[in-house]
Structure formats: C-alpha cells, structure tokens
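J.: Would you mind keeping the following structure in view while I ask a few things?
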Amino acid sequence: MKSVVIEQPGRLTLAQRPLPQPAADEVRVRVRLAGICGSDVHIYHGHNPFARYPRVIGHEFCGVIDAVGANVDAARIGERVTVDPVVSCGHCYPCSVGRPNVCHQLQVIGVHRDGGFSDFSCVPAANAYRIPDVLSDRQAAMVEPFTIAANITAHLQPTARDVALIYGAGPMGLTVIQVLKGVYGVRQVIVADRIAARLEMAFANGADEVVDNQQTPLAEVLAQRGIRPTLIIDAACHPDILPQAIELASPAARIGIMGFSAEPCVINQQSITAKELSIFSSRLNSARFPQVIEWMAEGRIAPERLITHSVAADDVEAALHLFEHDRQTCCKVLLQFG
Ligand code: NAI
Ligand code: MN
Ligand code: ZN
C-alpha cells in the first residue's frame, strides 16, 4: 500500500509499505478521504513537539472497514467510518472524568502513531464511528475538525444571548462560527482576521460582522459599535491575543483558548478577577464524534463551506504547499486515496 511518510523533519516520501494487519480490538480502514490540517504541516517541518519519526501523518479521515482484529465483530467489515484520532487508556484520572483527550497516556493517530494519509490504516475499533448514509464521504472527512469546535463550545456553553468574538478565520475559526450559529443560535458573531479572503469565508460560514484587525484596532471598532463581547474564542492563537481578549471582554464573559504557543503572554490577575472572567482551554476532542455526526445529519453545520480543494494523494506535496502558502483561495484540502 501507499503511505505518506514524514521520514524526518523536512523529508516526505510516498512510500510503499506492506498491508498492515489489524491487532486485537482494531479495525483496518481502507481510506477514502483525508483532510490536511495545520498540524500535518507542523509535523512535516519538525515543529510539533509530540511527533516521532518516521510518521504517517493525517488525523482527519474516513473510509471503509475492510478487516477486523480479534474481539471485533466481523459484521463491521464494509462499514463506512470516520476515525477519532484520540486514543486513550480509559482508566487514568482524566479518562475517568470524561476527558480522554488529555489522558496520561494520550496517543493521537497521525501524531504519536501512524495516521490516515495512507491507503489503509489500522485503528482501535472504538475510534471508528459509523457514518450514516445521509452523510457524504466529504462530510465524513470533516467530522474531526468540527469536534474541535464542539469541544471548546462545550466548555463555554454558548447561549443565544451571547455576543461572540472570534479571533482567526482559518479552519478552526470557521468551524467555531458554524457551531455558534447553527447549534447554539448565538445572536451576534463577530470575527477578526487580517486576510480579506478569510473574512469573506467568515461571512460565508455565518459570521454577522467581520473586522480586519490589522487595518483598525479591534478595541476601536468594538467601542465604535458599542460591542462588549460576552464570549471570546481565540482561534488564531498568538500569545498577544489572550491579554487583549481579557481587556475587551464584558464582565462575566467566558474566554476560550486553544493555542500551543510556548511564548509567555503577560496578563494580570486584576484584569480577570475584576470582571470575574472564566477562561477555558480546549485540546482535541473528548468523545464528540457522535454529537458532530448528528449535527451534520441534521444539517446544523455545513462542512462543504470549508472545503476548497480535493487532490489525489499522489500530489500530496503540492497539496501541502498549497495549503501552507495560499491563504487567499485555500482553506480545507482533502486528499483522495484508493
Ligand atoms: P490557520 O493558521 O489556518 O488560521 C489562523 C487565522 O488566524 C489566519 O487566518 C490568520 O490570518 C489569523 N490571525 C493570525 N493572527 C491574528 C490576530 N492577531 N488576530 C486575528 N486573526 C489572526 O489555523 P487553523 O487551522 O484555523 O488553527 C488555528 C489555531 O488553532 C492554530 O494555532 C492551531 O494550532 C490551533 N488548534 C488547536 C487545536 C486544539 O485542539 N486546541 C486543534 C486545532 C488547531
Ligand atoms: Mn486537525
Ligand atoms: Zn487515560
């Protein structure tokens, strides 16, 4: 079979590998579509602290089960599935309180172990979620990115009355917009980015207002429009953003962060406590696949709006280059396998 392997930082090969056999409790997925994510590019460039090499990347993928290991019902062969990349131990403290995404022994498929940019991928059977017939393969490949938005919003508990501010209109910001509008019915969603094409996409994904915060300081724009955000999500993840979000937030607001920057950011306790702000962080997803599949089946979220390209897996290098460098026309790129 063909696999996209990052042999070491900066070196990608399309390798021929032997067909893997599913171990006990695993299924083998014949991959159909796999989405490219920023973290795949980070692993390629050696910028992901968790990655070990050589590594088959890819953690947003769907396909069909074509073999099962011991303890797995053979009736699952032929099932169309999408794969949750979060592999957890099931018994540590975080696992025991429903937070497998921060398991002591967390393994992320496509990061800590081989992933979905491959003709076949063996994964724990419990991580392979059946796709209802009403969803296309393209939608199925988009479940994982929406689980990130499902996870952070589950922490933040948005309500219709919220005035939300989102930093960043990349794939993460766009999925968050869709969930805030389509699932929680948030009245007003304002999105800040500095790329005009991305702000257009924010509109197309349901934003009520957009701001180019490089042209005009956000504080100025919000003051002019009389807006005090009650819910802020940082989906751009620069260390300067959290201090500013704290500044702009309404009293009693909630702020959600999802960045992995190791740079310090300067905040003081008073600015948080005086307004009794709540700050939540979110990593990956804690068993949110069924929820997102349901949202898609109900038409509350529309993954097609993020997909700008679909490319044969053989052209993975060009696809990664496009994804990284063309922020005007490119958002989500799907690789086609099989
Ligand atoms: P992206 O790089 O495609 O999008 C980020 C957007 O933010 C860009 O459009 C950029 O122009 C904009 N931006 C940058 N600085 C800004 C600023 N100061 N104000 C407003 N906009 C600004 O990235 P993507 O894929 O959307 O991911 C966003 C972030 O989320 C990344 O840092 C990534 O590491 C993080 N992430 C976190 C996850 C988690 O589970 N916690 C999962 C996936 C991504
Ligand atoms: Mn991803
Ligand atoms: Zn655990």
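J.: When you check P9 against the structure, is it open to solvent by 50 Å² or more (accessible area, probe 1.4 Å), within 16 Å of ligand 1 (Cβ to nearest atom), more than 16 Å from the chain's Cα centre (by Cα) and under 30 Å from A235 (Cα atoms), yes or no? Working first, answer last.
T.: Numbers: open to solvent by 50 Å² or more (accessible area, probe 1.4 Å): yes; within 16 Å of ligand 1 (Cβ to nearest atom): no; more than 16 Å from the chain's Cα centre (by Cα): yes; under 30 Å from A235 (Cα atoms): yes.
Spelling it out, it is not the case that P9 is open to solvent by 50 Å² or more (accessible area, probe 1.4 Å), within 16 Å of ligand 1 (Cβ to nearest atom), more than 16 Å from the chain's Cα centre (by Cα) and under 30 Å from A235 (Cα atoms).
J.: Next question. With the requirement that a residue be within 15 Å of ligand 2 (Cβ to nearest atom) and among the polar types (S, T, N, Q), what does region 159-188 give you?
T.: T175
J.: Let me ask you something else. With the checklist (1) surrounded by 15 or more Cβ atoms within 10 Å (Cβ to Cβ); (2) part of a helix (DSSP H, G or I); (3) more than 16 Å from ligand 1 (Cβ to nearest atom); (4) outside the structural domain of H155 (by the TED database) in hand, flag the one item P290 doesn't pass.
T.: If we test P290 against (1) surrounded by 15 or more Cβ atoms within 10 Å (Cβ to Cβ); (2) part of a helix (DSSP H, G or I); (3) more than 16 Å from ligand 1 (Cβ to nearest atom); (4) outside the structural domain of H155 (by the TED database), just (1) comes out false.
J.: Looking at A125 and the list (1) open to solvent by 10 Å² or more (accessible area, probe 1.4 Å); (2) over 20 Å from Q21 (Cα atoms); (3) not hydroxyl-bearing (S, T, Y), which single condition is not satisfied?
T.: Failing condition for A125: (2).
J.: So which of A34, A51 is touching a residue at least 40 places away in the same chain (Cβ under 8 Å) and either crowded, with 22+ Cβ neighbours inside 10 Å or touching an Asp or Glu at 6+ places or on another chain (Cβ under 7 Å) (or both)? If you could, list the steps in order and put the result at the bottom.
T.: Numbers: A51 fails: either crowded, with 22+ Cβ neighbours inside 10 Å or touching an Asp or Glu at 6+ places or on another chain (Cβ under 7 Å) (or both).
Testing whether each residue is touching a residue at least 40 places away in the same chain (Cβ under 8 Å) and either crowded, with 22+ Cβ neighbours inside 10 Å or touching an Asp or Glu at 6+ places or on another chain (Cβ under 7 Å) (or both) leaves just A34.
J.: Open to solvent by 10 Å² or more (accessible area, probe 1.4 Å), under 30 Å from Q244 (Cβ atoms) and away from ligand 2 (no atom under 16 Å from the Cβ) - does that describe any residue in region 97-113?
T.: Looking for residues that are open to solvent by 10 Å² or more (accessible area, probe 1.4 Å), under 30 Å from Q244 (Cβ atoms) and away from ligand 2 (no atom under 16 Å from the Cβ), one finds at least one in region 97-113, hence yes.
J.: Only one of these conditions is not met by A313: (1) modelled with pLDDT of 95 or more; (2) within 15 Å of the chain's Cα centre (by Cα); (3) hydrophobic (A, V, I, L, M, F, W, C). Which number is it?
T.: (2)
J.: Quick check, is E60 open to solvent by less than 10 Å² (accessible area, probe 1.4 Å) and charged (D, E, K, R)? Walk me through it before giving the result.
T.: Numbers: open to solvent by less than 10 Å² (accessible area, probe 1.4 Å): yes; charged (D, E, K, R): yes.
So E60 passes the test.
J.: Which residue out of T308, T273 is in the same structural domain as C95 (by the TED database) and not aromatic (F, W, Y)?
T.: Numbers: T273 fails: in the same structural domain as C95 (by the TED database).
Result: T308 is the single residue among T308, T273 that is in the same structural domain as C95 (by the TED database) and not aromatic (F, W, Y).
Conditions (1) away from ligand 1 (no atom under 16 Å from the Cβ); (2) out of contact with any Leu (no Cβ under 8 Å at 6 or more places or on another chain); (3) farther than 28 Å from C331 by Cβ, marked per residue:
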{"position": "R30", "(1), (2), (3)": "yes, yes, no"}
{"position": "I36", "(1), (2), (3)": "no, no, no"}
{"position": "G46", "(1), (2), (3)": "no, yes, no"}
{"position": "A51", "(1), (2), (3)": "no, yes, no"}
{"position": "I65", "(1), (2), (3)": "yes, yes, yes"}
{"position": "N71", "(1), (2), (3)": "yes, yes, yes"}
{"position": "C92", "(1), (2), (3)": "yes, yes, yes"}
{"position": "H104", "(1), (2), (3)": "yes, yes, yes"}
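J.: Filter region 267-287 for residues that are within 16 Å of ligand 2 (Cβ to nearest atom) and in contact with a Ser or Thr (Cβ under 8 Å, 6 or more places away or on another chain); which is least open to solvent (accessible area, probe 1.4 Å)?
T.: Taking region 267-287 first, the residues within 16 Å of ligand 2 (Cβ to nearest atom) are 282-286.
From the residues that got through so far, the ones that are in contact with a Ser or Thr (Cβ under 8 Å, 6 or more places away or on another chain) too are 284-285.
Details: L284: 39, N285: 1 Å².
Result: N285.
J.: Oh, and also: For region 114-166, what are the residues that are within 16 Å of ligand 3 (Cβ to nearest atom) and assigned to a helix (DSSP H, G or I)?
T.: A126, N127
J.: Considering only region 305-313, I want to know if a residue exists there that is assigned to a loop (DSSP other than H, G, I, E, B), open to solvent by less than 40 Å² (accessible area, probe 1.4 Å), within 21 Å of A34 (Cα to Cα) and more than 16 Å from ligand 2 (Cβ to nearest atom). Before you say what the answer is, go through the steps one by one.
T.: Step one: of region 305-313, the residues assigned to a loop (DSSP other than H, G, I, E, B) are none.
Within region 305-313, none of the residues are assigned to a loop (DSSP other than H, G, I, E, B), open to solvent by less than 40 Å² (accessible area, probe 1.4 Å), within 21 Å of A34 (Cα to Cα) and more than 16 Å from ligand 2 (Cβ to nearest atom).
J.: Say whether the condition of being farther than 17 Å from E324 by Cβ, more than 16 Å from ligand 3 (Cβ to nearest atom) and part of a helix (DSSP H, G or I) is met by at least one residue in region 76-87. Walk me through how you get there before you give the answer.
T.: Looking only at region 76-87, we keep the residues that are farther than 17 Å from E324 by Cβ, and these are 76-87.
With more than 16 Å from ligand 3 (Cβ to nearest atom) added as a condition, the list becomes 76-83.
So of that shortlist, the ones also part of a helix (DSSP H, G or I) come out as 76.
For region 76-87, residues farther than 17 Å from E324 by Cβ, more than 16 Å from ligand 3 (Cβ to nearest atom) and part of a helix (DSSP H, G or I): present.
J.: Sticking with this structure for a sec: Hey, among V41, V72, which residue is touching a residue at least 60 places away in the same chain (Cβ under 8 Å), β-branched (V, I, T) and open to solvent by less than 40 Å² (accessible area, probe 1.4 Å)?
T.: Just one listed residue meets the conditions, V41.
J.: Within region 30-49, can you find the residues that are in a loop (DSSP other than H, G, I, E, B) and away from ligand 2 (no atom under 13 Å from the Cβ)?
T.: If we filter region 30-49 for residues that are in a loop (DSSP other than H, G, I, E, B), which is where we start, we get 36-37, 46-49.
Matches in region 30-49: G46, H47, P49.
J.: Contact list please: Cβ distance under 6 Å, first residue in region 96-109 and at negative phi, second residue open to solvent by less than 30 Å² (accessible area, probe 1.4 Å) and near ligand 3 (Cβ under 9 Å from one of its atoms), pairs at least six apart or on different chains.
T.: V102/P94; C103/C92; C103/P94; C103/C95; H104/C92
The values are calculated or read from the model by the stated rules, or taken from the named source; none is laboratory data. Predicted, not measured: the structure shown is a model, and the values here were computed from it. FYI the Cβ positions are ideal-geometry reconstructions off the backbone, even for glycines, and counts take in every protein chain you see. Keep in mind that these areas ignore ligands, DNA and RNA; they rest on the heavy atoms of the full protein, side chains included. Shrake-Rupley method; radii C 1.70, N 1.55, O 1.52, S 1.80 Å.
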